[in-house]
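Step one of this worksheet: look at the structure below.
The values are calculated or read from the model by the stated rules, or taken from the named source; none is laboratory data. Small disclaimer: the values here were computed from a predicted structure and weren't measured. Every residue, glycine as well, gets a Cβ built from its backbone with ideal geometry; the counts of neighbours run over all protein chains shown. These area figures cover heavy atoms from the full protein model, side chains too; ligands, DNA and RNA do not enter into them. Shrake-Rupley method; radii C 1.70, N 1.55, O 1.52, S 1.80 Å.
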Amino acid sequence: MVDKLRFDDEVVIVTGAGSGLGRAYALELAARGAKLVVNDLGGSTDGKGSDASAASRVVAEIEAGGGEAVASFDSVATPAGGKAIVDAAIDKWGRLDALISNAGILRDRSYAKLDLDEARSVVDVHFWGGGFYVAQPAFAAMKESGRGGRILLTTSASGLLGNFGQASYGAAKMGLVGLMRTLRIEGEKAGIKVNALAPIAGTRLTGAPVDDDAPKGPGKVAPIAVALAHAQCPTNGEIYMAGAGWYSRVMIGVTEGWVSPDATAETILANWDKVSDASTYSEPRSAGDISTIMRSITG
Ligand code: NAI
């Protein structure tokens, strides 16, 4: 059994915490004693406009429950906004223990009809915003503190596996996985653990918002986000998927493959089944592991 996970005296930033999944994460963390920076720009699902009431409402909910929170209305999609979000934690409480980088928008369009400005705005929020403008100053603050910390990046099944009309969104979401794998290595010594979560829940972003505690509600994802944000969680550099009470890990595997020092395009195609066969595979944890695997297979 694991004792109740508490966050007393810890400071956590949740971006995009004004609605949906981020709100559910923030409320659950606050109920467990965390002090929260509730960040939300408060725009529409396609990223237009802004409304300070989104973050303020969640701060009021937390305070009504006896918790402590500050609102941040900055956009994650600019370097200054990202820094301001991290500064809000440091200025108010002098520390940062965890970041859940969750803010997001959607501007779906098929690839052939892609509008580059639209695509860029999606990448700006999810990839540059979530992965760099907020996460980089957060990572630096955690490193400087000497206490380490937890960063949870938000990926998506659309990025991990693909989805029609979501080229920019999917690319940004999978890009975060690449970032996470490097931060796992760079943060390890400093005690910073970075993971990625692909949530599945009915929210305004999916066009079917439901209550937190509905069978497919954000409340069914919040427990794993909370676990991954807690100092007791030993995991670093992994991808999880969660929705409707289902919690699982997503892997990147390498098949044992087929070895032929004299291969040609033709012989490779003739042995395509062996190259692709996933009945035996390994799960490398870094680019360095590939050399070890290659040596063990090719001799
Ligand atoms: P949501 O629309 O309810 O919440 C996203 C929040 O982010 C909104 O409150 C919005 O105002 C805020 N936001 C958007 N742009 C921002 C910016 N530039 N700066 C600060 N805040 C900003 O949507 P939901 O579903 O809760 O999404 C949360 C995250 O989960 C997103 O990253 C999304 O891509 C991801 N996700 C959600 C899935 C789902 O099934 N709901 C599936 C896969 C991924």
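Give me the lysines in straight-line cross-link reach of K189: C-alpha distance below 17 Å, same-chain residues under 8 apart excluded.
Straight-distance partners of K189: K143.
If one takes the longest principal axis of the Cα atoms in the chain, at what angle in degrees, from 0 to 90 and to the nearest 10, does the Cα axis of helix 20-31 lie?
That helix lies at roughly 60 degrees to the long axis.
Build a GNM of the chain with springs between Cα atoms under 10 Å: which of Q232, Q166, Q136 gets the top mean-square fluctuation?
Greatest mean-square fluctuation among the candidates belongs to Q232.
Computing the accessible area with a 1.4 Å probe over protein heavy atoms, can you report the carbon and sulfur percentage for region 1-120?
49
What residue among T235, T264, T280 shows peak mean-square fluctuation when the chain is described by a Gaussian network model with Cα springs under 10 Å?
Largest GNM mean-square fluctuation: T264.
Roughly to the nearest percent, how much of the accessible area of region 179-299 is carbon and sulfur, given a 1.4 Å probe?
58
Where a ≥ b ≥ c are the square roots of the eigenvalues of the C-alpha gyration tensor, would you call region 11-250 rounded, which needs a/c under 1.5, or, failing that, prolate if a/b is larger than b/c, or oblate?
In terms of gyration-tensor shape, rounded.
Rounding to the nearest 10 and keeping the result within 0 to 90°, find how far the Cα-based axis of helix 287-298 lies from the longest principal axis of the chain.
Once rounded, one gets 20 degrees.
For W246 and A52 in the same chain, what is the full-extension length gain: residue separation times 0.36 nm, less their Cα-Cα distance, in nm?
Length gained between W246 and A52: 66.5 nm.
Per DSSP H run of at least 4 residues, take -39500 (n - 2.57); add these up for the chain, divide by its residues and hand me the 222 nm value, nearest 500 deg cm²/dmol.
Helix-only estimate at 222 nm: -11500 deg cm²/dmol.
At 1.4 Å probe size, with every protein chain present, just tell me what the per residue accessible area of region 254-298 comes to in Å².
Result: 76 Å² per residue.
From the Cα gyration tensor of region 177-263, with a ≥ b ≥ c the square roots of its eigenvalues, which class applies: rounded if a/c is under 1.5, or else prolate if a/b is larger than b/c, or else oblate?
Oblate, since a/c reaches 1.5 and b/c is not below a/b.
I'd like the distance separating the alpha-carbon centroids of region 1-74 and region 167-222, in whole Å.
Here the two parts' Cα centres lie 16 Å apart.
Can you work out the accessible area per residue across region 131-242, with the rest of the protein chains kept in place, probe 1.4 Å, in square angstrom?
41
Quick one: work out the % antiparallel among DSSP beta bridges in the chain, nearest 5.
If I count the DSSP bridges inside the chain, around 20 percent turn out antiparallel.
Helix 135-145 versus the longest principal axis of the chain: what angle, 0 to 90°, nearest 10, using Cα atoms?
That works out to roughly 80 degrees.
Any idea how far the Cα center of region 256-290 sits from the one of region 104-126, in Å?
Here the answer is 35 Å between Cα centres.
DSSP loop (so not H, G, I, E, B), at most 12 other Cβ within 10 Å: list which GluC sites (Glu not before Pro) in region 61-155 pass both filters.
Answer in residue order: no site qualifies.
Can you tally the net charge around G165? Count Lys and Arg as +1, Asp and Glu as -1, for every other residue whose Cβ sits under 10 Å from the Cβ of G165.
Here the charged neighbours net out to +2.
For the chain, what is the relative contact order in percent, using Cα pairs closer than 8 Å and at least 6 residues apart in sequence?
Reported relative contact order: 15 percent.
Using a Förster radius of 30 Å, what is the FRET efficiency between S282 and V2 based on their Cβ-Cβ separation? Nearest 0.05, please.
So, using R0 = 30 Å, E works out to roughly 0.55.
A 23 angstrom limit on the alpha carbon distance is what I want to check against. Which of K193/K216; K35/K193; K83/K220; K48/K92 exceed it?
Where the Cα-Cα span goes over 23 Å, the pairs concerned are K193/K216; K83/K220; K48/K92.
Build a GNM of the chain with springs between Cα atoms under 10 Å: which of A198, A55, A208 gets the top mean-square fluctuation?
Of the options given, A208 has the highest mean-square fluctuation.
With a ≥ b ≥ c taken as the square roots of the eigenvalues of the C-alpha gyration tensor of region 140-299, please select rounded if a/c is under 1.5 and otherwise prolate if a/b is larger than b/c or oblate if it is not?
The shape class here is oblate.
Which length gain, in nm to one decimal place, applies between D289 and K113 when the Cα-Cα distance is subtracted from 0.36 nm times their residue separation?
Contour length minus the Cα-Cα distance gives 59.4 nm.
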